[in-house]
Amino acid sequence: MTALRVAVIGAKGRMGAEACRAVEAADGLELVAQVDQGDALEALVAAGTQVVVDFTHPGVVMGNLEFCVRNGINAVVGTSGFTPDRLDAIRGWLAEQPSVGVLIAPNFGIGAVLMMQFAAKAARFYESVEIVELHHPNKVDAPSGTARRTAELVAEARAAADLPAMPDATTDDPDGARGAKVDGIPVHAVRLRGLVAHQEVLLGDAGEMLTIRHDSFDRTSFMPGVILGVRKVGSVPGLTLGLEHFLDLG
Ligand SMILES: NC(=O)C1=CN([C@@H]2O[C@H](COP(=O)(O)OP(=O)(O)OC[C@H]3O[C@@H](n4cnc5c(N)ncnc54)[C@H](OP(=O)(O)O)[C@@H]3O)[C@@H](O)[C@H]2O)C=CC1
Ligand SMILES: O=C(O)C1=N[C@H](C(=O)O)C[C@H](O)C1
């Protein structure tokens, strides 16, 4: 069997370096290129790359993706920062390259995917929901991509259940202490040395609270999801948002 030819963009970063190690250790995958800041993307084509893994920066990921799609290279993307407008732009490029697959995964941790699914499932039973995401202090963006996606899924579930807006008597919040509102859901971001990637979803109603929490203590926790994405993305043309679509969740 010929090995699947994989390249990593952002290869010198925290996640990219881990992804290079995971690809090198995986059966049936060959790491054919490692690209980082200052390197030309043409190296991907020269190396005969079939699947790219992108862990770079929200400011550069769109350029990387456009290059990959236009050159017929499938992409597994962990980089954060995907807005609905960005997703539409990717769909536009893919319309011209219908055999290419792109997976955008806000979080590759299997437990984090389950946390998001459980939160969406629970949302319609609770009057209020808030999200607390906690990360290492070198993270470049806030709120996290995971928190944004969780808020979107929870807001969709609340809307489908016709729930009213959450009660919140605060009228004076000049410093934003009530958090950022993502699709109407308050999201609070903590940055602390010692943390990696963590999130709690708090769901409250009269006399009770359900807490759904996930912790990534080490970046190896993301790698089974990355490798699953690499193996599957070429057989799923078009745009896939969320690793849950590549998992059998029953
Ligand atoms: N989906 C998931 O499960 C996860 C997603 N992430 C996301 O992944 C992204 C990266 O995180 P992390 O690894 O911690 O960040 P790092 O800053 O450690 O790594 C990013 C790397 O990309 C490089 N880079 C920047 N611009 C370019 C470019 N134009 N071309 C090639 N490489 C470039 C950086 O170089 P330089 O330092 O010189 O700028 C750096 O080496 C973030 O958006 C983060 O939120 C993180 C963890 C899990
Ligand atoms: O920057 C990180 O570290 C992480 N980024 C992703 C995000 O923004 O959700 C995934 C995970 O939380 C780690």
Going by what's in this entry, would Met1 be described as at pLDDT below 95 and either surrounded by 15 or more Cβ atoms within 10 Å (Cβ to Cβ) or more than 22 Å from the chain's Cα centre (by Cα) (or both)?
yes
Among the residues of region 113-120, is there at least one that is over 24 Å from Val230 (Cβ atoms) and open to solvent by 10 Å² or more (accessible area, probe 1.4 Å)?
yes
Odd one out for Pro186 among (1) outside any strand (DSSP E or B); (2) in contact with a strand residue (DSSP E or B) (Cβ under 7 Å, 6 or more places away or on another chain):
(1)
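I want to confirm something. Restricting to region 27-66 and keeping residues that are among the hydrophobic types (A, V, I, L, M, F, W, C) and exposed (fewer than 14 other Cβ atoms within 10 Å of the Cβ), which single residue is nearest to ligand 1 (Cβ to nearest atom)?
Going through region 27-66, the residues among the hydrophobic types (A, V, I, L, M, F, W, C) turn out to be 29, 31-33, 35, 40-41, 43-47, 51-53, 55, 60-62, 65.
Within this subset, residues satisfying the condition of being exposed (fewer than 14 other Cβ atoms within 10 Å of the Cβ) are 40, 46.
Working: Ala40: 10, Ala46: 16 Å.
Among those residues, the one meeting the criterion is Ala40.
Let's see how each residue does on (1) open to solvent by less than 60 Å² (accessible area, probe 1.4 Å); (2) closer than 30 Å to Gln97 by Cα:
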{"residue": "His135", "(1), (2)": "yes, no"}
{"residue": "Gly184", "(1), (2)": "yes, no"}
{"residue": "His188", "(1), (2)": "yes, no"}
{"residue": "Glu200", "(1), (2)": "yes, no"}
{"residue": "His214", "(1), (2)": "yes, no"}
{"residue": "Phe222", "(1), (2)": "yes, yes"}
{"residue": "Lys232", "(1), (2)": "no, yes"}
{"residue": "His245", "(1), (2)": "no, yes"}
Filtered residues of region 88-111 (kept if within 15 Å of ligand 1 (Cβ to nearest atom), assigned to a helix (DSSP H, G or I) and open to solvent by less than 60 Å² (accessible area, probe 1.4 Å))
Gly111
Please state which of the following conditions Phe82 fails to meet, knowing it meets all the rest: (1) within 16 Å of ligand 2 (Cβ to nearest atom); (2) under 25 Å from Ala47 (Cα atoms).
(2)
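Matching residues to (1) at pLDDT below 95; (2) crowded, with 18+ Cβ neighbours inside 10 Å; (3) not hydrophobic (A, V, I, L, M, F, W, C):
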site	(1), (2), (3)
Arg178	no, no, yes
Val196	no, no, no
Arg219	no, yes, yes
Pro237	no, no, yes
Near pairs, Cβ below 6 angstrom, 6+ apart or cross-chain, from region 149-174 (within 16 Å of ligand 1 (Cβ to nearest atom)) to any residue that is at pLDDT 95 or above and part of a helix (DSSP H, G or I):
Thr150/Met116; Thr150/Ala119; Leu153/Met116; Leu153/Ala120
When residues of region 1-26 are limited to those that are assigned to a strand (DSSP E or B) and either touching a helix residue (DSSP H, G or I) at 6+ places or on another chain (Cβ under 9 Å) or among the aliphatic types (A, V, I, L, M) (or both), the one farthest from ligand 1 (Cβ to nearest atom):
Leu4
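For region 32-61, which positions are without any contact (Cβ under 8 Å) to a residue 60 or more places away in the chain, among the hydrophobic types (A, V, I, L, M, F, W, C) and within 16 Å of ligand 2 (Cβ to nearest atom)? Show your work before the answer.
Of region 32-61, the ones without any contact (Cβ under 8 Å) to a residue 60 or more places away in the chain are 32-49, 52, 54-56, 59-61.
Those still in the list that are among the hydrophobic types (A, V, I, L, M, F, W, C) too: 32-33, 35, 40-41, 43-47, 52, 55, 60-61.
Matches in region 32-61: Phe55, Val60, Val61.
The values are calculated or read from the model by the stated rules, or taken from the named source; none is laboratory data. For clarity, every value in this text was computed on a predicted model and none was experimentally measured. For neighbour counting, all protein chains shown are included, and Cβ atoms are generated from backbone atoms with ideal geometry for every residue, glycine included. When the accessible area is computed, the model is the full protein with side chains, heavy atoms only, and any ligands, DNA or RNA have been set aside. Shrake-Rupley method; radii C 1.70, N 1.55, O 1.52, S 1.80 Å.
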